[in-house]
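Quick notes on the structure that follows.
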Amino acid sequence: MARLVAALSGGVDSAVAAARMTAAGHDVTAVHLALSRHPASQRTGSRGCCSLEDANDARRVADQLGLPFYVWDLSEPFQRDVVADFVSEYAAGRTPNPCLRCNERIKFAAVLERALSLGFDGVVTGHYARVERTSAEAELWRAADPAKDQSYVLAVITQEQLRRAYFPLGDTPKAQVRREAAGLGLRVADKPDSYDICFVADGDTPGWLRDKLGARPGPIVDQSGAVLGHHQGAFAFTVGQRRGLRLTRPAADGRPRHVLRVEAETNTVVVGPRAALRVDQIHGCPPLWIAGRPPAGPFPAAVQLRAHGRPLPAVVSPTAEGVRVDLLEPADGLASGQTAVFYDGDQVVGSATVVATAATGTADDSGAPTDASPRTTDAAAPPPGRVRPPTPGHATTPDHATTLGHEPAAGRPAAAA
Amino acid sequence: MPQAMIYLDHAATSPLTPTAAEAWRRAAAVVGNPSSLHAGGRAARRVVEEARERVAERLGAEPQGVIFTSGGTEADNLAVIGGARARRAGDPGLNQVFVSAVEHPAVLEAARALRAEGFTVVEWPVGRDGRVDLAAARQSLAAAAGTIALASVMWANNETGAIQPLAELAPAVRAGGAPCHSDAVQAVAYGPVRLRAADDDGPDAVSVSAHKLGGPVGVGALVARRDFPLTALSHGGGQERRLRSGTIPAALVAAFAAALDEACDRRQDEARRLAELSARLTAGLGGLPGVVVTGPQDPAARSPHIVNAVFDGCLGENMLLLLDAAGLACSAGSACAAGVARPSHVLTAMGHPAEREARWGLRFSLGVTSRDSNIDALLTALPAAMARARTAGGE
C-alpha cells in the first residue's frame, strides 16, 4: 500500500484513476489543482479543469470515493512556468505545447515535490499512458487506447518523477473508463472531454495572444522577400498554417501557400508552397532520456512531433549539443519550440525540444515536388554554440546546395537552449 | 478516518448541544407559521416571542431589539449597511463608516460595499497584538465628528481571540455622535456581552450566531438598542419589524435561545476551564522552536477559546492537511470559493507579511468537547507535522 496524491481535475479520467488506486488498497488523498488566478464560475465549451464548477466536481468525486480532499493553489507557478512561458515562446516565434510544459513543471514537479515532502509516495493522474516498473527503473509506454494515448505530453518527465507517477488508465479504452465511472455512480461519468488549452477561455489562441502581446503589424512575404500582405502579429501564425493569411496576390503556380516560418526579430511571416515545408533533419535540445541516461549511440526510432501526430521512422543520434534526428520520411511544417518524442515501438525513449530543422533531401520522398525558388537567408545569424548539422546539401535550394549545409533551413531562429 | 477526530475548530462551528436539539424538536412539532392568525400560528408565534425575550434578557436588550436572522453574517450586514443607510437617510452629512482592519469579512466586506454608495470607509489599524490602535482610532473619530454614520468593532477576533477595547472605543464613537455596533459572534459564549445601558460603555448593537455556542446552524440575531437606526436590506412580508422579511424559523429560534441560555449559565465555569486549556496549549506551543503565538500576551485581553500561532516556514494549508491526516481538526484561515487558502487579513493587519507569516498561521479553537488529552495529542503531533510542512516549502 502506498500513500498517494490523486490529482482530480473534475473530469472523468482522473476520477476513475483515483477510484482504481483506492480500490487497489492504496491510501489516496484527493487534490484539486487551482491553476487559474481568476477562475470562471462555470465551465464553458471544452476547456476543463480551471473553473469553480470543475473544482466542485472534483470535490464531489472525492466525497463519493470517500477521499480526503484539498485544493492546492498552483496558480503562481502555472502562470509563470506555463502561461507566461507560452506567451514568451510565441513572441519569440516558437510553438510550445503548454500541456507538456504543465506536466514537466507543475503536475510532476511542483505537485509531486509537495506530495513527497508531505510524506506521500507518489502522484496519480488520469493520463492515458502506461508505466512498466522493473526493479531498476520505470518505463513509459503508450496507452492501450491509441486514440487517447497521452504518452507524448508525458515524455518530458524524468526517471525520478516517473517512478513516483501512477497512470492507472493506461491499459483501458476511454469508453470503459466512462462505463466504470457510471458504475461507481460518479456524476462526472458523462462529462465532456476537454481538448483545448485550458487557459485560453474561448479557444481563440491567436486572439488570446493578441490580447497579451498587443497588435504588432508586419509583412507577409514570399521566399524571395516580396511582400504579399500584412498581418497583425507574427506570433499568431504557426508553421504549416494555410488559412487566414489573406494574401492579395495568388501564387505563381496557383497552389495554396503555407506559413514556412515566423521571424520574430523582424516580425515577418514567410509563406511558400507546401513542398518548402518539408523537413528531414531535426536538431533538438536539451534531450530528456526516460531511462535517466543517454543511449550509447544512434538508434532507430519512431519520432512523433505533435500530440496526435503520426510517428515517423528516423534515426536518432545523441550529439554533444543535444540530439540529431534524421527522418526517413520527411515531416511537413515543423516549428521550433515543438517537442520531438522518440519511441521504440510503443515505448517512450526520450524527447527534445526542436531548435533547428533542415531539409537535406536524404529522406525517402522521391516524387515529391522540389521547391525551385531560393530560400531567403535566415534572419538571424547562428548564435555561438548552435547546432551545426553535419550533413551537407540542401536539396530544396539548389543554388545553395553545397554551402548552406551549416545552416538550419527552417528559418525560425534557434533557441539558445 | 484513522481514529476518532480531535476537534479543535469550535470557532468555525461547535456541536449542537442536547438541550438545543431537544428545544428544536419540541418547537418543530408545532404546526403553524408564526405570522398566521389561527391557533397554530399563535402557538408558533409564542415559541418565537418566548425565544426573543430570552435572547433579549441575556444580551441586555428589549425584546423588540432582537431581529432574528439567518446567522452572524446577515446580522452584520443588516447592522453595517442597514445602519449606515438609515443614519444617512436622517442626515445626508453622515457618510463615514469606521471598522477595524481585523473584522470578520461579514463586516469588512459589508463596509467596503458601502463605498459604492458614496460612503467613506475607514479601516482602523491594529497593533502587533491584533487590538485596535486606540490613539489612531480616537484621532480619526475626532476628526470626523459630526459626519460619522456608524462604527463597527468586533468583540473578540475570530482568528486570534483578541478582545477589542470596546469599553474605550464605543464611548469615543458616541462622543462623535454615532452608534457603535459589535460583531460578538465569538464572544457571547465566554464574555460579558451586553448592550450598553443608558450611560455605560457597551455597544449599541451586537451580532450573535447560534452555532458558535451550541445551537443550530442557520440562525442568529442582530440585537440592537431601540435608538439604533436600521433599514431593511431585503423585502417581502415585513417580518421582524419589517427589517428582515421571511418566515421566522420558530424551531431554530427556540434552539438558539436554549443554547444561549445554556452557554450563559455555564459561561464563567467554561471560560475558566478553557482558559486553563489555552494556557497549557500556549505554553506548549511556546516550547516548540519556530512557533510564535499571536495576539495579546495578556490572557485577560483574549477570548479563552482561541489560540492562534505562526509556524515558521510551514504553510498553514500543509499543516492542516498533515494534522487532518492525523485526526486533528483545526483551521488555516479562510479559503476562496474554489477552496484555495488565502493569507490571513488579520495576521497581515497585525504586521505579518502576506506571503510569509500570514500564510503560516493555524487557529486552534476550543469548546465544550475540549479536554486536556486533546491538547496533549496536538502538542505531540505538531513537531512531525512541522518538520514535513517545512520541507514542503512555505514561500
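Observations on the model:
- Tallying residues that are under 21 Å from the mean Cα position of the chain (by Cα) and outside any helix (DSSP H, G or I) within region A:88-122 yields 6.
- Long-range neighbours under 8 Å by Cβ, at least six apart or interchain, first residue closer than 15 Å to residue B:309 by Cα and modelled with pLDDT under 95 within region B:365-393, second in a helix (DSSP H, G or I) and not hydroxyl-bearing (Ser, Thr, Tyr): none
- Residue A:95 being under 20 Å from residue A:303 (Cα atoms) and hydroxyl-bearing (Ser, Thr, Tyr): yes
- Filtered by the rule that a residue be within 14 Å of chain A (Cβ to nearest Cβ) and either in a loop (DSSP other than H, G, I, E, B) or under 18 Å from residue B:126 (Cα atoms) (or both), region B:273-323 gives B:313, B:314, B:315.
- Any hit, region B:175-198, residues being under 28 Å from residue B:11 (Cβ atoms), in the same structural domain as residue B:80 (by TED's automatic domain parsing) and part of a helix (DSSP H, G or I): no
- Test for residue A:112: is it within 14 Å of chain B (Cβ to nearest Cβ) and modelled with pLDDT of 95 or more: yes
- Test: residue in region B:59-68 that is outside any helix (DSSP H, G or I) and over 24 Å from residue B:199 (Cβ atoms): yes
- Region A:173-190: number of residues that are surrounded by fewer than 21 Cβ atoms within 10 Å (Cβ to Cβ) and assigned to a loop (DSSP other than H, G, I, E, B): 3
- Selection from region A:309-326 of residues that are buried (at least 18 other Cβ atoms within 10 Å of the Cβ) and of a type in the set (Lys, Arg): A:324
- Candidates B:279, B:283, B:275, filtered to the one that is closer than 22 Å to residue B:357 by Cα and at pLDDT 95 or above: B:283
- Residue pairs whose Cβ atoms lie under 7 Å apart, separated by 6 or more positions or on different chains, with the first residue in region A:128-142 and outside the structural domain of residue A:288 (by TED's automatic domain parsing) and surrounded by fewer than 19 Cβ atoms within 10 Å (Cβ to Cβ) and the second hydroxyl-bearing (Ser, Thr, Tyr) and outside any strand (DSSP E or B), do not occur.
- Taking the criterion of being buried (at least 18 other Cβ atoms within 10 Å of the Cβ), polar (S, T, N, Q) and under 19 Å from residue A:113 (Cα atoms), the only residue of region A:143-172 that qualifies is A:161.
- Check on residue B:169, assigned to a helix (DSSP H, G or I), modelled with pLDDT of 95 or more and buried (at least 24 other Cβ atoms within 10 Å of the Cβ): yes
- Filtered residues of region A:51-86 (kept if surrounded by 22 or more Cβ atoms within 10 Å (Cβ to Cβ), hydrophobic (A, V, I, L, M, F, W, C) and within 10 Å of another protein chain (Cβ to nearest Cβ)): A:55, A:58, A:72, A:74
Rundown of residues vs (1) in the same structural domain as residue B:110 (by TED's automatic domain parsing); (2) surrounded by fewer than 20 Cβ atoms within 10 Å (Cβ to Cβ), yes/no style:
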site	(1), (2)
B:221	yes, no
B:236	yes, yes
B:249	yes, no
B:252	yes, no
B:287	no, yes
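- Filtering region B:29-40 to residues that are surrounded by fewer than 17 Cβ atoms within 10 Å (Cβ to Cβ), under 17 Å from residue B:240 (Cα atoms) and under 33 Å from the mean Cα position of the chain (by Cα) leaves B:33, B:35.
One line per residue, one yes/no per condition, for (1) in the same structural domain as residue B:213 (by TED's automatic domain parsing); (2) surrounded by fewer than 19 Cβ atoms within 10 Å (Cβ to Cβ); (3) in contact (Cβ under 8 Å) with a residue 60 or more places away in the chain; (4) within 27 Å of residue B:194 (Cβ to Cβ):
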residue	(1), (2), (3), (4)
B:75	yes, no, yes, yes
B:79	yes, no, yes, yes
B:112	yes, yes, no, no
B:126	yes, no, yes, yes
B:131	yes, no, yes, yes
B:134	yes, yes, no, yes
B:137	yes, no, no, yes
B:148	yes, no, no, yes
B:155	yes, no, no, yes
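- In region B:382-395, the qualifying residues are those that are surrounded by fewer than 18 Cβ atoms within 10 Å (Cβ to Cβ) and small (Gly, Ala, Ser), and the one that is nearest to the other protein chains (Cβ to nearest Cβ) is B:393.
- Residues satisfying the stated conditions in region A:257-309, i.e. closer than 20 Å to residue A:352 by Cβ, at pLDDT below 95 and touching a Lys or Arg at 6+ places or on another chain (Cβ under 7 Å): A:261
- Selection within region A:1-45 - modelled with pLDDT of 95 or more and of a type in the set (Lys, Arg): A:3, A:20
- When residues in region A:191-225 are screened for being more than 26 Å from the chain's Cα centre (by Cα), assigned to a loop (DSSP other than H, G, I, E, B) and under 19 Å from residue A:241 (Cβ atoms), 3 of them pass.
- Count of region B:331-357 residues which are over 16 Å from residue B:392 (Cβ atoms), outside any strand (DSSP E or B), touching a residue at least 40 places away in the same chain (Cβ under 8 Å) and within 14 Å of chain A (Cβ to nearest Cβ): 2
- Looking across region A:123-156 at every residue that is more than 21 Å from the chain's Cα centre (by Cα) and part of a loop (DSSP other than H, G, I, E, B), the one that is nearest to the other protein chains (Cβ to nearest Cβ) is identified as A:137.
- Taken over region B:142-164, the criterion of being part of a loop (DSSP other than H, G, I, E, B) and in contact with a strand residue (DSSP E or B) (Cβ under 6 Å, 6 or more places away or on another chain) is satisfied by B:147, B:153, B:154, B:155, B:159, B:160, B:161, B:164.
- Some residue of region A:218-228 being surrounded by 16 or more Cβ atoms within 10 Å (Cβ to Cβ), without any contact (Cβ under 8 Å) to a residue 40 or more places away in the chain, farther than 22 Å from residue A:86 by Cβ and aliphatic (A, V, I, L, M): no
- From B:228, B:256, residue being modelled with pLDDT of 95 or more and assigned to a loop (DSSP other than H, G, I, E, B): B:228
- So residue A:249, is it over 29 Å from residue A:162 (Cβ atoms), part of a loop (DSSP other than H, G, I, E, B) and touching a Lys or Arg at 6+ places or on another chain (Cβ under 8 Å): no
- Qualifying positions in region B:80-126 - in a loop (DSSP other than H, G, I, E, B), in contact with a strand residue (DSSP E or B) (Cβ under 7 Å, 6 or more places away or on another chain) and more than 14 Å from residue B:207 (Cβ to Cβ): B:94, B:95, B:101, B:102, B:119
The values are calculated or read from the model by the stated rules, or taken from the named source; none is laboratory data. None of the values given here were measured: they were computed from a predicted structure. A quick note on method: Cβ atoms are made from the backbone with ideal geometry, for glycine too, and the neighbour counts reach across all protein chains shown.
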